[in-house]
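Scroll down for the structure; my scribbles are underneath it.
The values are calculated or read from the model by the stated rules, or taken from the named source; none is laboratory data. What you see is a predicted model; the values in this text were computed from it and never measured. No Cβ is skipped: glycine too gets one built from the backbone with ideal geometry, and neighbour counts run over all protein chains shown. We work out accessible area using only protein heavy atoms, side chains counted, and drop any ligands, DNA or RNA first. Shrake-Rupley method; radii C 1.70, N 1.55, O 1.52, S 1.80 Å.
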Amino acid sequence: MTDLPSTDRLELDNGTQAWDDVLDRLTAFVESWESEAEPPRIADYLPESPPTLVRLVLVELIKADLEYRWKHDREPRTIEQYAEEFPSLRGSNGLPCDLIVEEYLVRQQLGLAGSPDDYLHRFADQAKSLERLFAIQTHNRSGTLRMRDDVPQIEPGQRLDDFDLLETLGQGAFARVMLARQNSMQRLVALKVSRRCGQEAQTLAQLDHPNIVRVYDQRYLSDEGLGLLYMEYVRGDDLAALVRRVRETPPSMRNGQLVLDVIDAALARHDEQPSDELARDQLSRMQWDEVVCWIGAQLAAAIDYAHRRDTLHRDIKPANVLLSAEGIPKLADFNVSFSSKLEGATPEAFFGGSLAYMSPEHLEAYNAREDRDASEVTGQSDIYSLGVLLWELMTGQRPFADESLSDDWYDTLRDMTRRRRRGVPAEALAAVPEGCQGELVEILRKALAPDPADRFTTAAEMARRLQVCLTPEVQRIRRRPEAAWYGYARRRPLVTAIWISLIPNLVLSALNVSYDWFAIVKPMLSEQAQVEFLGRVITFIKLIHYAIGIPVGVWYALPIFLSMRDSRGPARDAIARRHALRIGDRVFLVTMGAWSASGVVFPAWIDFTAVELTPMLYAHFFSSHILCGLISGIFCFFLLTLTTVRVYFPRLAQVSQLEAADAVELAALRKRVSFYSFGALVVPFASALMLGVSDSEFRASFIGLGVLGAGLLYVANRIARDLLQDIDGLSFVAESSTETTRPASVIGLSRTR
């Protein structure tokens, strides 16, 4: 026996150290009972410290001692007698209620227990807690951590009914699972052998899903007192083996091949060869966060399938997920599930689960001192458990790994509940490996929300969001190298939008004014008129041009940037997303309006104040301004829209949280991108047309605009190509929000790379 450090409270190393120590001592105690002539002394198996661990071990040892003494008639003892020998057994809340119920259950099996009411009177001070615990534990037959008599002692090489036992696949508190050959059907099956007949077979019979282990049938051997449940044999290993390998592997070396290595090792132990399936090839090329999404999406789809058939699993953990030879996860072990479709089934029947993966409300329902009823544990609890499982798969550690033990079991449950009520702790977030998608972390945090109302409404919704993370379209957006420009745009969105809008207009204004000066003003106007042109016309008209355009653009864009800085509610954020996708169009309209007005006011001012202009000059001024407006407006549209799609829009909505309304807006934007691309094509052709009909002195200006138009066409086509790819990716995500989740066995694979 190894002593643990003496502390007031024992912090568990990764949630397993104390439990391993308890089980080691309990196993040794049971082995002594079975191998020695005299009953072993409980005191010999207790640790010296800390008190919290001593009391926990003591309670579990007494449970085992009760069972052996009463069932084998070896000086049976009552709880009070144990309390006399071990005064520390009485805590601040009296004797452990689960220990009291254990005495009742052991004696009940022998027909010596009387009724629960006798125990409620015998321990009147604890009647309320006992009453709740009797309702839970009497269905489970025992609350001990290890029940050697309840697990059938069978070995490979034996034959049970129609089954030759080949190999032990696993063992739980109530059953042993064997690899067996069913002789009548000449097939391998997973045979679950137990001493009780629960509702697992009937529950699984209601379910037919590629990610749920298929049950064939069950039999009961009355002579041996054994229940046989035979199921699909899943070639591979369980997810618990993969989690262990994850802990041993540095984050940088985790990828899809790690899953296949675990599976192939299991196949090698059974002298089986890996299959050559497409799924394996695609899985091997996945990055680790993609693996987590892929496995999670399939399990979530399976859970949703069960929920839609009124079945809760209630014990989702890595050991209850099997991996096929192809890497397909399959949910197994519905031993403590609840199906409302089964006649006589109640939520309390076989109510249990694994503490480390329980939701806060599940822990409360399991705690006899809490008022929560088992019927209040809903599908959101299964979603929570899946969140814990996937977090452990992602990081190698559970998000609530630092559980603690107090001097009372039910206080421990209450402490575990409080920890979960505080949400995912900062240390768990800090342990997320670099390179894991922020999207995946947010999905898991939502699944682990303390309040069930804040979690996913259905497991299908969680499956969809995980599935979306795997699509090539989203991966292209997420994994695209980002220039420093995007980082600046994210930090200074309004300033960025203003500069994007100003620069094309300023460049075209400078070119336009320079041409007008050298081609028209200087040759045709006196020096005094030239001074007036510079001092009044340019200053007044151009500054008014921008003084009006900038505030109009800011007024339109302000709600967008306010929502980017701080969410203003789903409805307002949806409006902001719609405005963001249209900001390029608005700036284009403002730009064209300003340039069109300038094309009219500018020559009219000259005509009114300096020299009379011919109709041809009016046409020249107006057409050159329109072409300049088109060039600068189309530049603004493409640059702003690209920034919106890559910076503003993702900030306004998580990539996987887009809605059907967003799909409509994105589809409309795609059409507008094509329209503006056509507009970019029009500019050089319009310049060529104007070149053909204009006087010789104006030909240089239209040649220059034609060159600018050709440059615009090249840039617009390059940007449009990238934009359309990004829009297609975002559209796929948005459109998938209205689709039914696809069959889980193909989730991700058909779209991954």
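Structure notes:
- Qualifying residue in segment 194-212 (condition: assigned to a strand (DSSP E or B) and either modelled with pLDDT of 90 or more or over 25 Å from residue 109 (Cα atoms) (or both)): yes
- Taking segment 74-89 as the range and being part of a loop (DSSP other than H, G, I, E, B) and surrounded by fewer than 12 Cβ atoms within 10 Å (Cβ to Cβ) as the test, only 75 passes.
- Within segment 32-56, restricting attention to residues that are at pLDDT 85 or above and in a helix (DSSP H, G or I), the residue that is nearest to residue 107 (Cα to Cα) is 33.
- Selection within segment 174-192 - surrounded by 15 or more Cβ atoms within 10 Å (Cβ to Cβ) and within 16 Å of residue 214 (Cα to Cα): 177, 178, 179, 180, 182, 188, 189, 190, 191, 192
- Helices (runs of 4 or more DSSP H) wholly inside segment 94-163 containing at least 3 residues that are at pLDDT 80 or above and surrounded by 16 or more Cβ atoms within 10 Å (Cβ to Cβ): 97-109, 116-122
- Considering segment 590-603, and only residues there that are surrounded by fewer than 24 Cβ atoms within 10 Å (Cβ to Cβ) and under 12 Å from residue 630 (Cβ atoms), the residue that is modelled with the lowest pLDDT turns out to be 599.
- For the condition within 21 Å of residue 463 (Cα to Cα) and of a type in the set (Asp, Glu), residue 271 does not qualify.
- For first residues located in segment 709-730 and closer than 11 Å to residue 677 by Cβ and part of a helix (DSSP H, G or I), partners that are of a type outside the set (A, V, I, L, M) and open to solvent by less than 50 Å² (accessible area, probe 1.4 Å) and lie 6+ apart or on another chain with Cβ distances below 6 Å form the pairs 716/638; 716/677; 719/638; 720/677.
- Some residue of segment 65-78 being of a type outside the set (S, T, N, Q), within 30 Å of residue 397 (Cα to Cα) and at pLDDT 80 or above: no
- Taken over segment 240-262, residues that are open to solvent by 50 Å² or more (accessible area, probe 1.4 Å), touching a Gly at 6+ places or on another chain (Cβ under 9 Å) and not in a helix (DSSP H, G or I) amount to 0.
- Residues of segment 203-239 classified as more than 24 Å from residue 309 (Cβ to Cβ), among the acidic types (Asp, Glu) and open to solvent by 80 Å² or more (accessible area, probe 1.4 Å), total: 2
- Screening residue 319 with (1) closer than 22 Å to residue 171 by Cα; (2) crowded, with 23+ Cβ neighbours inside 10 Å gives one miss only, at (2).
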